[in-house]
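The values are calculated or read from the model by the stated rules, or taken from the named source; none is laboratory data. All of these numbers come straight from a predicted model, not from anything done at the bench. Here Cβ is always computed from backbone atoms with ideal geometry, including for glycine, and neighbour counts include all displayed protein chains.
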Amino acid sequence: MSVPHVLLALLSEGPKYGLQLREEFEAGTGEVWPLNVGQVYKTLGRLERDGLAESDGTGQDGPQKRYRITRRGEEALAAWLRTPPDLTSPPRDELVMKVLVAARVPDADAHEVIQAHRLYLLELMQQWTRLKEGEARDDLSLALVVDAEIFRLDAVIRWLDAADVRLARAAAAPPRPSPAAAPVPQLRRLGARR
Amino acid sequence: MSRPGGGGESESAVSALELRGVSKTYGQGPGAVRALAGVDLSVRAGEMVAVMGPSGSGKSTLLTIAGSLEDPTSGEVLVCGMALAGMPRGRRARLRRRVIGYVFQDFNLLPGLTAAENAALPLELDGVPVPKARAAGLAALESLGVAGRAGWFPDQLSGGERQRVAIARAVVGDRRLLLADEPSGALDSVNAGEVMRLLHEACQRGVAAVVVTHDAQLAAWADRIVLLRDGRLTGTTTRPPGPESLLMPGETR
């Protein structure tokens, strides 16, 4: 989870209060990921416990407390920035599951299922694009977040297009003998890791 | 020339483009290819519609028919309320030059003309006096933020600037309908998005646009996306709620 490290990043600019951290977290991520204040204090408590941040030490948790990053916190932040997120095993994606199921269930029209999802994703993409056209023009953080979301949705739509073509071809082609058993357990194992 | 969409009806009541049951078949007999099959599409003034579909789905045919460059095998095409069928050749050519603007993937600017001359070209070809045409060309360049390049030649411009000039040429004068076929095909993704932003801004000034693209990111700039497959419209987005719905401060999604 990235919240502790984003807070460390904000603290690396100088000592800050909890409420201030919450505001800056939201502004710095284009206000796309809201953060409640309880979560901020809980995270700060954990950072302090782990020696990554320290407070003014007035005892009571709450708005009076000001936090600063420690040397170890700076090291942890630098290490986190360079550690790639775990993308090794495919996430168990709900949409992929729906299309797999649609392809198997005799009564489901996979093409229709794909089309419905495609339209929904396009509408979502239109909304993000409106943000890009408006607010994100003057807000670099928001522009980066919006781009990331648009590229992600674009990838999903492309996958749907490819799945559509693949299913249409499979339906048109004569059934082939079932493939060797090896790839199937391989896929199952990947999925089971999550 | 009477104003497009004139003749008593209020402008908002008349679609900038209306396709009614449009079909197009190339060739005859068993070798015939049906490019479009019963397409109904209405585009209002100020609206930007993106047409998406796999290659061979009929996207480009739809555009050439909308631009009166080809006739449908059956069905009706109306531009600003005027039916193209039976319209005399001359009037139709005039409609193409005055009312419809085209944006192409490869810009199609004339290398021997400056940006201003390129932008003014459709009006000059239509017989508008040169000073008046040039003034309109400059105004179009201005609206696209490239007035400062008026005296430059295409090979002195960046790709993004060239496409801005091409859009200026497409909107110059009093165009009502923009037709664009993969208008940002040659540009990188940031500049491609910029082209779509400019087309959308042109629509906000009142022109209607039909943009053909296979790229969902670009289509998402449109007010409405229609999906074409095997010559049929198979789906359309409904007007999406505003972007506010994406951002709900205080709530974890």
### Task
Hey, can you tell me all the residues within the range B:25-52 that are under 23 Å from the mean Cα position of the chain (by Cα) and either charged (D, E, K, R) or at positive phi (or both)?
B:GLY38, B:ASP40, B:ARG44, B:GLY46, B:GLU47
### Task
Please verify whether the range B:110-123 includes one or more residues that are under 27 Å from B:LEU187 (Cα atoms), of a type outside the set (S, T, N, Q) and free of Cβ contacts under 8 Å to residues at least 40 places away in the same chain.
yes
### Query
Quick check, is A:LEU122 within 14 Å of chain B (Cβ to nearest Cβ), surrounded by 13 or more Cβ atoms within 10 Å (Cβ to Cβ) and in contact with a strand residue (DSSP E or B) (Cβ under 6 Å, 6 or more places away or on another chain)?
yes
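Listed residues B:LEU69, B:LEU109, B:LEU62; which is over 15 Å from B:ARG176 (Cα atoms) and either in a helix (DSSP H, G or I) or in contact with a Cys (Cβ under 7 Å, 6 or more places away or on another chain) (or both)? Full working, then the answer.
Numbers: B:LEU69 fails: either in a helix (DSSP H, G or I) or in contact with a Cys (Cβ under 7 Å, 6 or more places away or on another chain) (or both); B:LEU109 fails: either in a helix (DSSP H, G or I) or in contact with a Cys (Cβ under 7 Å, 6 or more places away or on another chain) (or both).
Answer to the selection: B:LEU62.
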#### Entry: Residue tally, condition surrounded by 18 or more Cβ atoms within 10 Å (Cβ to Cβ) and assigned to a helix (DSSP H, G or I), over the range A:42-59
4
### Summary
Of the residues in the range A:128-142, those that are at the interface with chain B (Cβ under 8 Å from one of its Cβ atoms) and in contact (Cβ under 8 Å) with a residue 24 or more places away in the chain come to A:TRP128
### Message
Restricting to the range B:192-230, and then to whatever is in a loop (DSSP other than H, G, I, E, B) and buried (at least 24 other Cβ atoms within 10 Å of the Cβ), can you tell me which residue is nearest to the other protein chains (Cβ to nearest Cβ)?
### Response
B:ALA220
### Query
Hey, any hits in the range A:143-156 for a residue that's in contact with a Gly (Cβ under 7 Å, 6 or more places away or on another chain), within 9 Å of chain B (Cβ to nearest Cβ) and within 20 Å of B:LEU228 (Cβ to Cβ)?
no
### Summary
Flagged in the range B:92-106 as within 13 Å of the chain's Cα centre (by Cα) and part of a loop (DSSP other than H, G, I, E, B), in numbering order, are B:VAL99, B:PHE104, B:GLN105
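Does the range A:172-183 contain any residue that is exposed (fewer than 13 other Cβ atoms within 10 Å of the Cβ), part of a helix (DSSP H, G or I) and at pLDDT 80 or above?
First, the residues of the range A:172-183 that are exposed (fewer than 13 other Cβ atoms within 10 Å of the Cβ): A:172-183.
The next check asks that each one be part of a helix (DSSP H, G or I); those that pass are A:172, A:183.
Next, from what is left, pick out any that are at pLDDT 80 or above: A:172.
Yes, the range A:172-183 contains a residue that is exposed (fewer than 13 other Cβ atoms within 10 Å of the Cβ), part of a helix (DSSP H, G or I) and at pLDDT 80 or above.
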